[in-house]
Structures are given as C-alpha cells and as structure tokens.
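Let me begin by presenting the structure, written as structure tokens, before commenting on it.
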Amino acid sequence: MSYKGVWILGEQEAGNIKSVSYELLKRGRELADKLGVELTAVMLGKKMARERLQELVYRGADKVIVVEDPALEYFLPDPYVNAMEILINRHRPEILIASATSTGRTVAPALAIRCNTGLTADCTGLDIDAENGNLIQTRPAIGGNILATIRTPNHRPQMATVRPHSNKPLDPDRHRTGRIINESVDPALLKSRTKRLEFKKNEDAGSNIQDAEIVIAGGKGFKKEENFRILHEVAALLGGAVGATRDAVDLGWATYPHQVGLSGKTISPKLYMGIGISGSVQHLAGIKTSENIIAVNNDPEAQIFRVADFGIVGDLFEVLPLIKQKLQAIKKQ
C-alpha cells in the first residue's frame, strides 16, 4: 500500500478546537490541492462535539478522523504518540504537519522516530516540488540568519511542524462537505507513564504575546533598558502586549518570551507597532501576518517602512511620549 494524502494534527482544549488547527488546515489545503489528494484533520480528545468537528470541514478538511477516549482528554505524550502511530500505520499519509506548539513539538519527533522518517521542525514555509511531489520545507537556521530548504525524498510520511500564527486560517465555507469518521484505538495502548497534576499559566507579561490583539515592540533604538519603560506604559494604555527584537532581548532589555521574529515568536495581531526597529528580515518574518503595522523610526530608509501600513519618520523619544499623552487624554474622556 502506497502513502497518499495530507494530514494535519489538530489540537483541542476542553473539547474546543484551537486556532492553530485552522492555521494548519490552510497550509494543508494548499499542499493537498497541489498533489490532488485529500486533506485530513486528526483530532484526539475525550469527547468532541459534532458541530465543532464540522468546523474543520468548513475550514478546509475533506475528512476528519476522531479518536475519543478519557486518556486523551489532556495532552500526554504516550497516549497521543501511540494513537497517532496506529493511525499512520492504518492509513499511511504521505505528509503530516503539526503546529510548533508544546503538543506538536513533543508528538512529531517521537512519531518520526517510530515511523523511521525525517522531521523538519519550526517551518516558516511549505510547498510541493512540481517535479517529484516531495514536500519542500523551509525553516530558519544558524540563529535565524539564513533560511534552509529541506526535503525528505526517501521516507514517508514527510513530517514538519509549522510556527503558530505564521499564516491566517481560511475563512469558513458553510457549503463545504466532508466526512467525520470516529476510529478506535485499543485502550491498553493509551496508558501513560506520566500523570497530569495541574496546569499553571505562565504569568510573564510576554507569555501571551502570540494571542494579543495589540503588540507594541521596541528595538535597539531605545538605547538603554530604562527607556523601555515607556513602551510598557503605552502598551498598558492600549491594552496590548510588549514585544522586542532579538537585539533588545540579547541586551537584557526584555526577556525571551517577548522576542518577535524567526528566532522568537511569530505573531499575528490586529495592530502591531514597531518602535525604534529597523526591520531586519528575521524580525519582519515574525510580523508579516499582522493586520495593521505602524512603524516609528528616524531613518526614512528603514526596512520596516516597506511593510508598514502607516509610518512615522521621527525620533521615538519625541513621538512615543506624544502617543502616550494622546492615549491618556482619550482614557480621561
């Protein structure tokens, strides 16, 4: 039996489908269409409502494979990897993509070993080679300074994890039809060597940067750490999160959870403000799916202005205090 079809590993929490599942469906839809094959979403959980699974069809899936078991209520490595291995051996997909979340980054490497295949982690781009149908996988390398192109020509399935928020999901098409199939796995194979005790949310201010609708980020233009204070003040007035370039993080002005770019986090807020940021290729790759980009820089030739929807050429130490004053005035109204 040959390998055929594109799969995405969906994610759920308390039965609710996570947005990364829809992002993967867009990636998978593009690959499946180029290959002329079906796109399948795989969902593992305790109990999944039919209408929520149907949303996967509306967002691009031709088929949804569902495995339901109490052992799959929360993510644990053993039951998730075992279930996926069984499904892969049963159906033999040629491509499997997962999100570069804690779930995907744990399941995918273990699966690749079990399946004796390759895995490209943390991809920013996926495509199909028109000549041979192989998956073309693009990811940052050498600290994000170059982009590497990787192929897995001799083993299947071809596997990759994709950065969350690196692309927008497809809009739902309520006229799309597809199959939702419940499959079973021997409960004995879903036993776990680990136990989930509790979940503690990371309270670091930067931990929610990927989910924030507004992100205001700073770079080397702030010159020193204490100048970053006003960035936090403006972000608080906007109800947003604080981001930073790699240089700012390396200098100790912000912690790694705030870092945006190829070597940090990819974000997709409704509003992104880049203050004192020149706009290196590595940083721009992390913000390209933002809905609105505002840039403030004293260099009119700064790269960030090439992607900005609105740009201000000026000294950030003059512009940012004015923005803060205007926002404070609005708050008082």
Determine, from the Cβ-Cβ distance of Glu183 and Glu131 and an R0 of 41 Å, the FRET efficiency 1/(1 + (r/R0)^6), rounded to the nearest 0.05.
0.75
Per residue of the chain, what 222 nm ellipticity follows from adding -39500 (n - 2.57) for every DSSP H run with n ≥ 4, rounded to the nearest 500?
-8000 deg cm²/dmol
If you fit an axis through the alpha-carbon atoms of helix 19-35 and take the longest principal axis of the Cα set of the chain, what angle between them do you get, 0 to 90°, nearest 10?
60
Please check: in the Gaussian network model of the chain (C-alpha springs, under 10 Å), which one of Gly218, Gly311, Gly133 has the largest mean-square fluctuation.
Gly133
Give the calculated FRET efficiency between Asp315 and Leu147 to the nearest 0.05, with a Förster radius of 35 Å applied to their Cβ-Cβ distance.
0.55
Any chance you could give the angle, 0 to 90 degrees and rounded to 10, that helix 316-332 forms with the longest Cα principal axis of the chain?
80
Can you give me the relative contact order of the range 1-142 as a percent, contacts being Cα pairs under 8 Å and 6 or more apart?
25
Hits in the range 251-291: amide N under 12 Å from the 7 Å Cα→Cβ extension of Asp299, namely 276-281
Ordered by number, the GluC sites (Glu not before Pro) in the range 72-166 that occupy a DSSP loop and have at most 13 other Cβ atoms within 10 Å are Glu131
Residue separation between Thr138 and Val307 times 0.36 nm, minus their alpha-carbon distance, gives in nm 58.7 nm
Net charge near Gly5, counting Lys/Arg +1 and Asp/Glu -1 over other residues with Cβ under 14 Å of its Cβ?
+4
Please state the charge dipole magnitude for the range 6-190, taken about the Cα centre, from unit charges on C-beta atoms (+1 on K and R, -1 on D and E), reported in debye and rounded to the nearest 20.
180
Taking Cα pairs under 8 Å and at least six residues apart, what relative contact order does the chain come out at, in percent?
14
Using 14 Å as the cut-off for backbone N distance, which residues of the range 111-128 belong to the label zone defined by a point 7 Å from the Cα of Tyr3 along Cα→Cβ?
111-120
Exposure proxy ranking, count of Cβ atoms within 10 Å, fewest first, for His232, His175, His91
His175, His232, His91
Would you mind telling me the antiparallel percentage of the DSSP bridges in the chain, rounded to 5?
20
Please give, to one decimal in nm, the separation of the simple spin-label points placed at Lys331 and Asn89, each 7 Å out from Cα toward the Cβ.
5.9
Between Arg193 and Lys324, 0.36 nm times their residue separation minus their Cα-Cα distance comes to what?
42.0 nm
Full extension between Asn16 and Asn292 adds, at 0.36 nm per residue less the Cα distance, a length in nm of 96.6 nm
Using only Cα atoms, tell me the angle between helix 229-238 and the longest principal axis of the chain; keep it within 0 to 90° and round to the nearest 10.
70
Which of (1) 39, 22, 18; (2) 30, 26, 21; (3) 36, 24, 21 is the computed semi-axes √(5λ) of the Cα gyration tensor in Å for the structure on display?
(1)
Which lysines, on any chain, are close to Lys331 with Cα under 25 Å apart, when same-chain ones fewer than 8 places away are left out?
Lys270
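Here, each number is a calculation from the coordinates, and none is a lab measurement. These numbers come from a predicted model, not from an experiment. Neighbour counts run over all protein chains shown; Cβ positions are idealised from the backbone, glycine included.
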